[in-house]
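Since the structure comes first, as structure tokens, the remarks are kept for the end.
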Amino acid sequence: MSIEELRDKINSVDTELIDLLAKRRGLSKEVIQDKNDNKNPIRDQKREEELLKRLIKLGKQKGVDQHFLTKVFYEIIEDSIRLQQSHILNPSKEVTGKERLTIAIQGIEGAYSYLASQKYFAYSNKELEFVSKKRFSEVVEAVEKGEADYAVLPIENTTSGGINEVYDLLLHTTLTIVGEETFQVKHCLVASADVSVHKIKKIYAHYQAAAQCSNFLVTLPEARIEYFADTAMSVQKIAEEKNPEFAAIASEEAANLFKVNIIRKEIANQEENHTRFLIIARNISKVDNRLPAKTSLVMATSHAPGSLVKALSVFDAYKINLTKLESRPILGNPWEQMFYVDFEGNRDDENVQNLLDDLGPYLRFFKVLGSYPSQVVKKTKLDLHESVDVKDDAYVEKIKEIQKPIVKKKAKAKSYKLASREYKEDDTIVKVRDVEIGGDDFVVIGGPCSVESESQIFSCANEVKVNGAQILRGGCFKPRTSPYSFQGLEWDGLNYLEAAGKEYDLPVITEVLAPEQVLAVAKQSDIIQIGARNMQNFSLLKEAGKVHRPVLLKRGMMSSIDELLNAAEYILAQGNRQVILMERGIRTFETATRNTLDLSAIPVLKELTHLPIMVDPSHAIGERDKVAPMALASKIVGAHGIMVEFHPEPEKALSDGPQALRYPQFAQLMIDLKKL
Ligand code: PEP
Ligand code: MN
């Protein structure tokens, strides 16, 4: 077949795909009608899970990669949920047909507020007309005066934080929040001609955008920054001026709208740069109680000591989850604060009304800014395993009994304090993205000993994901016994590991060897690992205590349990209370295995400390065929999880090949662990 013919064929497949998507949306709408009539909830996670499992199975038969398939279907499901939500929010729109909505934004077409509005109102099926204003206050006024139906205002950004001016406006307006939208901001450098970035002499930028791209901007010392009130207008300006030495920071969409060139993409400090927008209107709209809702509130606590704590404890008493707490000075009252609180719940819920009642005594002012449907669509968690036989309850109870730590106070004074059960009785749960280590779930960290190439770590990440493990490991800086052995891919390796984690939505862990590395590695790795050889590298421990990332601390191969806890104390004492301990085998007179796995350390540690404790059977045993039984034993004795090494081709591994599980062995181990 010629290339033209092939392209024609692809085009017609794409057309078919669109037809099918449209057809699916049509059916989805009928489902909404049914859910509406029967007052059923919008989300049915069980059904979503079954749907995905069925598709993955089908995909497997047809040779479609399951990771790709889940990604596509997550999008389709999200679209369907949003479609259904919008129907509940606006049930009459199908009847009334096309109508026009007037939306006030700060900035012109192409501004981020414009793009976010389009995203938010896309499901309303209505024509949008924009009222463009220079200042946030004018945007609010436009709705107050009836010039526009809605205002769409940015409230916070995941890189630069809250937008103070908007917070202050919310306090003084009579308008109410009726919705929220998040928008991923992808800043680009754009210019009127296709020039090299180093030719640029002047950059027009919104101050927030410039702040979010500060790392990139310092690489262009020749370029002068000129602050501009809004991003799209800065693009309009360079389009008009046509000076090839002038550039602007804006979105790809704005560049396309004004037909200018993108000369550099992805210039933001943080790739994950999202802005949250509020949709504001004159009238309160009731939020259907089938939708997950959020409420925003502004409050000033009374002058008495401890009043903020008391106010917040009311949220705790009602088991209401806070999603945001921001403080702003009260204008005219120096050193006094107003608190902006977002929480999960609907102001019409009885629980929320009672909360507001009980909150009253601790406040001297409060105002509900609005209840609105929460826009974050939580992905259905998929366990890609075939389900295994359910164990009988008595057996589960028995296992729990075995694993329970015996908490008893020891009279003997200890050289560590923060790590001890006496200091903190409840188990510490270390949260890494949405994985909890130290709670009821048995967590599996899997991956190769070393990151060896981009394709190797991506392949391993896929293996972690499809087998239902939670965290991806990969050494980038390797502590090798011989200086002539492979030392790791270092920063390149870390880049690959980070990218694999992003692609497969898995937290990643890697080892640090030197104090100077800690801060930089913490930027890219979700967990910092301190290896057995460095357990008593005190300057390394202290550095790890200063970062915000959890630290996985391995027991030294010649260290006692007491020394391990003292090493943990070094990290805890610096302020970082997220330490995970790991037993990885110790040196004994026995030489049959690489080390001797000290499984008795697990119940002992559970008695002495509140910190989570995991096991690394791979480094303990050193031989792949004996790793699985010890991994299973680890679960039985009550470890909170394990870390195991596997490799696509263990014979070719650059480090620790003999202990690396083969893929099918890892898959089998995951199934066997489930059965326990
Ligand atoms: C590792 O996990 O890759 C490692 C080097 O382990 P350990 O520090 O336990 O030897
Ligand atoms: Mn290893």
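I'd like to know which of Asn215, Leu513, Phe343 lies farthest towards the positive end of the charge dipole of the chain, counting +1 on Cβ of Lys and Arg and -1 on Cβ of Asp and Glu. So the residue we want is Leu513.
Centre-to-centre separation between the Cα atoms of segment 243-312 and those of segment 31-79: 29 Å. Restricting the GluC sites (Glu not before Pro) of segment 557-615 to loop positions (DSSP other than H, G, I, E, B) with no more than 11 neighbouring Cβ atoms within 10 Å leaves Glu590. Counted residue by residue at 0.36 nm each, then reduced by the alpha carbon distance between them, the extension gain from Ser482 to Glu516 reaches 10.0 nm. Put in line by how crowded their Cβ is, counting other Cβ atoms within 10 Å and starting with the fewest, Thr102, Thr510, Thr380, Thr591 read Thr591, Thr102, Thr380, Thr510.
Sorted from greatest to least, the principal axis extents spanned by the alpha carbons of segment 35-192 come out as 57, 46, 31 Å. Normalising the Debye intensity of segment 188-267 to I(0), with uniform scatterers on Cα atoms only, and taking log10 at q = 0.14, 0.25 Å⁻¹ returns -0.34, -1.23. Put a plus charge on the Cβ of each Lys and Arg, a minus charge on the Cβ of each Asp and Glu, and nothing anywhere else: the dipole of the chain about its Cα centre is then about 1120 debye. Among DSSP beta bridges whose residues both lie in the chain, state the antiparallel percentage, nearest 5. If I count the DSSP bridges inside the chain, around 55 percent turn out antiparallel. Distance distribution note for the chain: the fraction of Cα pairs above 37 angstrom is 50%.
Along the axis of the charge dipole computed for the chain (Cβ charges of +1 for Lys and Arg, -1 for Asp and Glu, origin at the Cα centre), the listed residues Gln85, Gly438, Phe277 are led at the positive end by Gly438. A cut-off of 5 Å between modelled amide H atoms, ignoring neighbours fewer than 5 places along the same chain, links Thr510 with Ile527, Gln529. Taken about its Cα centre, segment 188-267 carries a charge dipole of about 180 debye when Lys and Arg each add +1 at the Cβ and Asp and Glu each add -1 at the Cβ. Toward the positive end of the charge dipole of the chain, with +1 on the Cβ of Lys and Arg and -1 on the Cβ of Asp and Glu, the farthest Cα among Val637, Ser459, Ile177 is that of Val637. Amide H contacts under 5 Å for Tyr204: Glu226, Ala247, Ala248, Ile249, restricted to partners 5 or more places along the chain or on a different chain, H placed in the peptide plane at 1.01 Å from N. Cross-link reach is defined here as a Cα-Cα straight distance under 28 Å, omitting same-chain residues fewer than 8 places apart; for Lys417 the lysines meeting it are Lys400, Lys404, Lys408, Lys409, Lys431, Lys542, Lys546, Lys554, Lys606, Lys635.
From most to least packed by mean Cβ count within 10 Å, the peptides 625-631, 350-356 give 625-631, 350-356. Computed over the chain, the per-residue total of -39500 (n - 2.57) for DSSP H runs of n ≥ 4 gives a 222 nm mean residue ellipticity of -12000 deg cm²/dmol, rounded to 500.
The shape of segment 546-676 can be summarised by an equivalent ellipsoid whose semi-axes, obtained from the alpha carbon gyration tensor, come to 26, 16, 16 Å from longest to shortest. For segment 270-331, what log10 I(q)/I(0) values come out of the Debye formula at q = 0.25, 0.29 1/Å, with one point per alpha carbon and no solvent? Values, matching the q order: -1.24, -1.35. Centroid-to-centroid, using Cα positions, segment 126-169 and segment 497-513 are 38 Å apart. Less than 5 angstrom separates the built amide H of Asn125 from none of the residues sequence-distant by 5 or more or on a different chain. Spin-label model, Leu6/Leu21: points 7 Å from Cα along the beta carbon direction are separated by 2.4 nm.
Taking other residues whose beta carbon is less than 10 angstrom from the beta carbon of Asp616, and scoring Lys, Arg as +1 and Asp, Glu as -1, yields +2. Rounded to the nearest 20, the Cβ-based charge dipole of segment 273-386 about its Cα centre (Lys and Arg +1, Asp and Glu -1) stands at 380 debye. Extension gain for Leu676-Ala211 works out to 162.3 nm (0.36 nm per residue, less the C-alpha to C-alpha distance). Once the Cβ-Cβ distance of Glu138 and Glu99 is raised to the sixth power relative to R0 = 22 Å, the FRET efficiency obtained is 0.35. For segment 12-89, the mean projected area of the C-alpha convex hull, equal to one quarter of the hull surface, is 5.6 nm². Exposure proxy ranking for Ser12, Ser285, Ser192, based on other Cβ atoms within 10 angstrom of each Cβ and starting from the fewest, stands as Ser12, Ser285, Ser192. Summed over all non-identical Cα pairs, the Kirkwood treatment of segment 399-526 gives a radius of 16.9 Å. Projected onto its three principal axes, the C-alpha set of segment 302-368 covers 36, 20, 16 Å, listed from the longest axis down.
With neighbour counts taken as other beta-carbon atoms within 10 Å, the residues Val178, Val464, Val152 rank, fewest first, as Val178, Val464, Val152. Relative to the compact-globule estimate of 2.2 N^0.38 Å, the Cα radius of gyration of segment 405-675 comes out at 0.93.
No lab work stands behind these numbers, since they all come straight from the coordinates. Small disclaimer: the values here were computed from a predicted structure and weren't measured. Note: ideal-geometry Cβ built from the backbone for every residue, glycine included; neighbour counts use all protein chains shown.
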